[in-house]
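Working notes, structure below.
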Amino acid sequence: MAEGIKLAVNGTLMRGLALNTNLLVVGAEFLCETATTPDYRLWSIDDIHPAMVRVSQGGVAVALEVWQVPPAGLVQVLLQEPPGLSIGKVTLATGETVLGVLGEPVLCEGQREISTYGGWRSYCGALERERQLQPQRSQLS
């Protein structure tokens, strides 16, 4: 891709997840896996998607992917994002600042904070392990 805008994604737009097709259909190209600087917190929004918010204290590094998106495709991707998610500037662990998907703080109110997992994939993996243990626990009761 000759021209594009770097976009950091931290949830369902990542490879293999529910909304990744939204990036692929606009011709976006995967660049790398990385993380943010430790200035962000992450919430699960009803276990459907995450919301990442930049904070001044108590932040963690959040795992994410960086994609190169054609300028026209960026608008299409954004219009398909769930309500409460928007684009802002995200600082990567390398120090580079790129556009990224962020959550509005109000979206996170009353939701489960998942910052300690370090990322959406890690949280989803923990949920899956928990679900697999549920039948075993009920058989033991």
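The values are calculated or read from the model by the stated rules, or taken from the named source; none is laboratory data. Since this is a predicted model, take the numbers as computed values, not measurements. Using ideal geometry, Cβ is built from the backbone for each residue, glycine included, and neighbour counts are taken over all protein chains shown. Calculation scope for accessible area: heavy atoms of the full protein, side chains included, ligands and nucleic acids excluded. Shrake-Rupley method; radii C 1.70, N 1.55, O 1.52, S 1.80 Å.
Things to note:
- Projecting the Cα atoms of Ala28, Ile114, Gly4 onto the charge dipole of the chain, computed from C-beta unit charges around the Cα centre, puts Ile114 farthest toward the positive end.
- Each 5 Å bin from zero holds the following percent of Cα-Cα pairs in segment 1-125: 2, 12, 24, 26, 21, 11, 4, 1, 0.
- Accessible surface of the chain [probe 1.4 Å, protein heavy atoms]: carbon and sulfur percent: 53 percent
- Our note on the geometry: Cα centres of segment 46-61 and segment 68-141, 8 Å apart.
- Exposure check, 1.4 Å probe, all protein chains in place: Thr94 carries approximately 110 Å² of accessible surface.
- The overall shape of segment 13-68, judged from the alpha-carbon gyration tensor, is oblate: a/c is not under 1.5, and a/b is no greater than b/c.
- Projecting the Cα positions of Ile45, Val75, Cys124 onto the charge dipole of the chain (unit charges on Cβ atoms of Lys, Arg, Asp and Glu, taken about the Cα centre) puts Cys124 furthest along the positive direction.
- More than 15 angstrom apart: percent of Cα pairs within segment 57-133: 68 percent
- Per residue, in Å², the accessible surface of the chain once ligands and nucleic acids are set aside, probe 1.4 Å: 54 Å²
- The helix-based estimate of mean residue ellipticity at 222 nm for the chain, built from -39,500 (n - 2.57) per DSSP H run of four or more residues and divided by its residue count, is -8000 deg cm²/dmol to the nearest 500.
- Overall, segment 15-141 carries a charge dipole of about 240 debye about its Cα centre when +1 sits on the Cβ of Lys and Arg and -1 on the Cβ of Asp and Glu, all other atoms neutral.
- Principal-axis tilt of helix 120-140 within the chain, Cα atoms, nearest 10 degrees: 20 degrees
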